[in-house]
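Heads up, the thing below is written out as structure tokens.
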Amino acid sequence: MPRELDLPVARRPAPVRATSWWLVFLLATTAFFVFVRHLPAQPAPPKKTPVPTRAQPLDPLTAAERKTVEQLALADSRVQELLGTGPRRLIYVEFLSLKSGGGEGRGAERPVRGADVVFFQREKDLGVRAIVNLEQRAVEEVLRLDSSQVPMTPEDLDEAFQLARRNEKVRQSLGADTDRFAVEGVGKGVPRGARFVVRGLRLETTDEKDPCSKNRCIQLFFRRGNAYLTDLVVVNLTTQQVYVERGQQ
């Protein structure tokens with residue numbers, strides 16, 4: 001009987017089940033996310049801060065510049081001496097183009113940002129004007145103003161109306177509508193089509209016997225609908241007095 005040869009037997013490997021591959025993929029994915037989750041957080045890129053544009057020499061004053069002008073003026077010893085310690089009112093702050101000192105060897109003069117600021121002191125009945133150089137942050141000039149040289153403001157008109165509405169003669173003229181009147185140009189302003197409007201006009205005179213030749217006076221005009229009150233109403237803001245002259249209807 002022939003002898004069998006001892007040859008190696010080729011065996012086919014057992015097939016790998018599909019579920020094993022899915023399990024390997026799932027475990028690898030889970031491990032990856034766990035690894036990423038525990039990585040240190042990366043800092044967010046810094047936000048770009050917009051670079052403020054510098055005001056040009058002839059640009060209008062910014063709100064910050066107006067505040068700076070007021071502070072510089074009030075810190076000046078000359079302004080403080082004129083204003084004193086009594087109540088004061090800021091009348092205006094306006095842009096003013098100044099010139100740099102272009103002396104020999106320093107080139108031509110160039111425009112410099114400046115401002116004109118005016119205050120009013122009621123107790124002294126005077127105004128103070130200051131010229132401020134914003135580039136040098138300094139007050140270049142200080143002037144004393146007579147009260148007649150100080151411009152009227154919407155606040156002056158409102159003050160005049162508040163004095164007038166407490167006057168008995170004015171209340172008689174306006175009747176039941178007295179408290180329905182509103183001053184034009186103050187606060188939110190008079191709504192369009194309003195029926196009860198107060199307007200004002202600065203009153204000046206060359207008659208030295210008239211107090212308004214020296215004091216700050218406003219003539220008030222009361223409009224009801226399309227008609228104006230014919231009574232003459234003048235308020236002296238300096239003396240806080242109200243004058244009423246009856247007119248003809």
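The values are calculated or read from the model by the stated rules, or taken from the named source; none is laboratory data. Quick caveat: nothing in here was measured; it's all calculated off a predicted structure. No Cβ is skipped: glycine too gets one built from the backbone with ideal geometry, and neighbour counts run over all protein chains shown.
Select from region 78-108 the residues that are of a type in the set (Gly, Ala, Ser) and touching a strand residue (DSSP E or B) at 6+ places or on another chain (Cβ under 9 Å) and write down the one among them that is modelled with the lowest pLDDT.
SER100
Do we have any residue at all in region 98-105 that's more than 21 Å from the chain's Cα centre (by Cα), under 29 Å from THR239 (Cα atoms) and loosely packed, with under 12 Cβ neighbours inside 10 Å?
No; the residues of region 98-105 include none that is more than 21 Å from the chain's Cα centre (by Cα), under 29 Å from THR239 (Cα atoms) and loosely packed, with under 12 Cβ neighbours inside 10 Å.
Of the numbered conditions (1) more than 17 Å from ASP125 (Cα to Cα); (2) touching a Gly at 6+ places or on another chain (Cβ under 6 Å), GLU245 satisfies every one except a single condition; which is it?
(2)
Looking at CYS217, CYS212, which one is surrounded by 16 or more Cβ atoms within 10 Å (Cβ to Cβ) and within 32 Å of the chain's Cα centre (by Cα)?
The unique qualifying residue is CYS217.
Which residues, counting only those in region 193-249, are closer than 20 Å to ALA176 by Cα and of a type in the set (Lys, Arg)?
ARG195, ARG199, ARG223, ARG224, ARG246
If I go through region 111-133 residue by residue, how many of them are closer than 19 Å to ASP156 by Cβ and of a type in the set (S, T, N, Q)?
Of the residues in that region, 1 qualify.
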